[in-house]
Amino acid sequence: EMNYAAYTSFSKDWGHWSFKLGLRTEYTDITGNSLSTNTDNVSDYIKYFPSFYLMHQFNDNNQLYLSYNKRIYRPRYSDLNPFKYFLNDNTYRIGDPNLKPQIDDVFTLGYTFNKNYTFELYYRQENDPTLEITFQDNDTNQIKYINTNIDNNISYGLDFTTYTQVINRYNIYVLSSVFYNKNQFFALESNNELITNEKWSLYAQVINYFSFLKDKSLTADVSYLFQA
C-alpha cells in the first residue's frame, strides 16, 4: 500500500477571532497478491480531506469554537486477509480484500469557560465503516466472523471534560458523554435484510489524583468508569 499526500492550509487571527482552513489530498495505491491462489487484488483511489476551524476568544478564560474535519481510517491487514483464521475447531475469522476505507465527517461546537471546563456538541457520520459481523452456520456447526463494510454509522452527543485542582495536592479529571449512536448493515445470510441498531448511551470517567510528601514523590490515583 502506497500513500501520497499533499497539504495546504491558511490561517488568520484578528481581534478576538482565529480562523484556519485546510485541505489534504491523498492518493492511495494498493496491491494484494495471493501466492496460493495466484490472484491479485488491486485498487486505487484519491480522496480529499477539508478542515475548518473558527474560534472566538471572549477573554483569557472563555472561548467558543466551531470545527469540521474529514478523516480516513484504512482497513488493517487482518481485516483485508481473505483466508480463514481458525480460533478453534468450530470458529474462524475471515477478511475481505475489497474493503473500502472508512471516511468520517465530524462537526464540533465547543465552549470552554474558566480555562478548565469544556462542553462540546458533536455530530459524526462514518461512511463505509468496517464491522465484524458474526454468523452461525447450523449445517456445519461453525461460527464465522466476517469483516465487511456497513453503510454508515451516525453518532451525536454532548461531552464535558475538566481537569482542575480541588484542594492543594488533590486534582480531579472528569469526562462525561451523553450520546446517540445508530448504524445500519445488511444481514448477508438473512435474505440480505437491512438491520438498524440505535441507542442512547452514557459514558463517564472520574480520576482522582493525590500527591503526598513535601516533594510530591508519593502519589495515588483513584478512578471510576461507567459505561451504559
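The values are calculated or read from the model by the stated rules, or taken from the named source; none is laboratory data. Keep in mind the model is a prediction, meaning the values are calculated, not measured. When we count neighbours, we look across all protein chains shown, and the Cβ atoms used for this are built from the backbone with ideal geometry, even at glycine. The area values use the complete protein model at the heavy-atom level, side chains included, leaving out ligands, DNA and RNA. Shrake-Rupley method; radii C 1.70, N 1.55, O 1.52, S 1.80 Å.
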Please verify whether residue 159 is open to solvent by 50 Å² or more (accessible area, probe 1.4 Å) and acidic (Asp, Glu), treating the condition exactly as stated.
no
For the range 164-192, enumerate the residues that are surrounded by 12 or more Cβ atoms within 10 Å (Cβ to Cβ), free of Cβ contacts under 8 Å to residues at least 40 places away in the same chain and of a type in the set (Ser, Thr, Tyr).
173, 176, 177, 180
Can you give me the number of residues within the range 69-110 that are among the hydroxyl-bearing types (Ser, Thr, Tyr) and open to solvent by less than 40 Å² (accessible area, probe 1.4 Å)?
3
Out of the residues in the range 193-225 that are of a type outside the set (D, E, K, R) and not in a strand (DSSP E or B), state the one that is least open to solvent (accessible area, probe 1.4 Å).
217
May I ask you to list pairs of residues, at least six apart or on different chains, whose Cβ atoms are under 7 Å apart, with the first in the range 4-15 being without any contact (Cβ under 8 Å) to a residue 12 or more places away in the chain and the second being surrounded by 10 or more Cβ atoms within 10 Å (Cβ to Cβ) and not basic (Lys, Arg)?
11/19; 12/19
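Return the residues of the range 142-156 that are open to solvent by 50 Å² or more (accessible area, probe 1.4 Å) and over 22 Å from the mean Cα position of the chain (by Cα); say none if nothing qualifies.
Within the range 142-156, the subset open to solvent by 50 Å² or more (accessible area, probe 1.4 Å) is 143, 145, 151, 156.
Matches in the range 142-156: 143 only.
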Could we say that residue 113 is at pLDDT 85 or above, touching a Phe, Trp or Tyr at 6+ places or on another chain (Cβ under 8 Å), surrounded by fewer than 17 Cβ atoms within 10 Å (Cβ to Cβ) and not polar (S, T, N, Q) here?
no
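Can you work out which of the residues in the range 191-226 that are aliphatic (A, V, I, L, M) and modelled with pLDDT under 90 is farthest from residue 171 (Cα to Cα)? Write out each step before concluding.
As a first pass, look at the range 191-226 and keep what is aliphatic (A, V, I, L, M): 194-195, 202, 204, 206-207, 213, 218, 220, 222, 225.
Next, only the ones that are modelled with pLDDT under 90 stay: 194-195, 213.
Numbers: 194: 48, 195: 45, 213: 15 Å.
That would be 194.
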Note on the range 65-101: residues within 18 Å of the chain's Cα centre (by Cα) and in a strand (DSSP E or B) are 67, 68, 69, 70, 71, 72, 73
Right, residue 163: assigned to a strand (DSSP E or B) and either over 30 Å from residue 219 (Cβ atoms) or of a type in the set (Lys, Arg) (or both) or not?
no
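For residue 139, indicate whether it is out of contact with any Pro (no Cβ under 9 Å at 6 or more places or on another chain), outside any strand (DSSP E or B), open to solvent by 50 Å² or more (accessible area, probe 1.4 Å) and among the charged types (D, E, K, R).
Details: out of contact with any Pro (no Cβ under 9 Å at 6 or more places or on another chain): yes; outside any strand (DSSP E or B): yes; open to solvent by 50 Å² or more (accessible area, probe 1.4 Å): yes; among the charged types (D, E, K, R): yes.
Taking the combined requirement at face value, the residue satisfies it.
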Could you say whether any residue in the range 17-35 is at pLDDT 85 or above, surrounded by 10 or more Cβ atoms within 10 Å (Cβ to Cβ) and over 27 Å from the mean Cα position of the chain (by Cα)?
yes
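What residue, among those in the range 36-46 that are among the β-branched types (Val, Ile, Thr) and over 28 Å from residue 6 (Cβ atoms), is most open to solvent (accessible area, probe 1.4 Å)? Break it down into steps so the answer makes sense when it comes.
Quick first cut of the range 36-46, residues among the β-branched types (Val, Ile, Thr) only: 37, 39, 42, 46.
From what is left, the residues that are over 28 Å from residue 6 (Cβ atoms) are 37, 39.
Numbers: 37: 77, 39: 61 Å².
Ranking the qualifying residues of the range 36-46, first place goes to 37.
Filter the range 126-183 down to residues that are of a type in the set (D, E, K, R) and more than 25 Å from residue 108 (Cα to Cα), then give me how many there are. Please lay out each step first, then the result.
So in the range 126-183, the residues of a type in the set (D, E, K, R) come out as 126, 128, 132, 137, 139, 144, 151, 159, 169, 182.
Narrowing further to those that are more than 25 Å from residue 108 (Cα to Cα): 132, 137, 139, 144, 169.
The total comes to 5.
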